Amino acid sequence: LLWGVNYSEKGVKVKLKIFNEGKVIERVKNDLGSKLNDNNFKFFEENGTEYAIFEDEVIGTEVFLSWVYSYGASMVLLEPRELVDKVIDSIEQRILEAKQ
């Protein structure tokens with residue numbers, strides 16, 4: 001998947017867990033459109049909670065992460081660890097700024 005215009009960036013394999021709160025999965029499917037297929041978007045139910053797992057290679061991680069942030073707690077980045085750490089750092093920074 002190409003996000004943004006950074007064509008020189010190397011592709012990064014990502015994995016997201018998307019909770020079906022307020023029809024979030026439907027919104028994500030609309031956002032991603034034809035980029036979805038049975039191999040990269042799978043549905044699950046565990047203890048009464050519906051969710052989907054999305055896996056793909058992404059180019060343009062900054063724009064991609066902005067999209068992930070737009071879904072709040074309904075979308076959780078699981079992989080790769082480097083991007084997960086980046087998200088955690090960003091959240092911690094926002095919390096510190098909010099306390100000031």
Descending packing, highest mean Cβ count within 10 Å first, for 53-63, 17-27 is 53-63, 17-27
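About its Cα centre, how strong a charge dipole does the chain have in debye, to the nearest 20, once Lys and Arg get +1 and Asp and Glu get -1 at the Cβ?
Dipole size: approximately 120 debye.
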What fraction, in whole percent, of alpha-carbon pairs in the chain exceed 15 Å separation? 65 percent
Lysines with Cα under 30 Å of Lys10, excluding same-chain neighbours fewer than 8 positions away: Lys29, Lys35, Lys42, Lys86
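Once the piece of chain linking Glu55 and Val76 is laid out straight, how much longer is it, given 0.36 nm per residue of separation minus the C-alpha distance between them? Please list the in-between numbers first.
Details: separation 21, 0.36 × 21 = 7.56 nm, distance 1.21 nm.
So the extension gain works out to 6.4 nm.
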Here the FRET efficiency for Asn39 versus Lys99, based on Cβ atoms and R0 = 35 Å and rounded to 0.05, is 0.20
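Run the accessible area of the chain with a 1.4 Å probe and give the carbon-and-sulfur part as a rounded percent. Each step should come with its number before you reach the end.
Numbers: 3260 of 6660 Å².
Reported share for carbon and sulfur atoms: 49 percent.
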Taking the simple approach of a point 7 Å from Cα along Cα-to-Cβ for both Ser90 and Val12, what is their distance in nm? 0.9 nm
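The values are calculated or read from the model by the stated rules, or taken from the named source; none is laboratory data. Bear in mind that the values here come from a model prediction, so they are computed numbers and not experimental data. Note that we place each Cβ from the backbone using ideal geometry, even for glycine, and neighbour counts take in every protein chain shown. Accessible surface areas use protein heavy atoms only, side chains included; no ligands, DNA or RNA. Shrake-Rupley method; radii C 1.70, N 1.55, O 1.52, S 1.80 Å.
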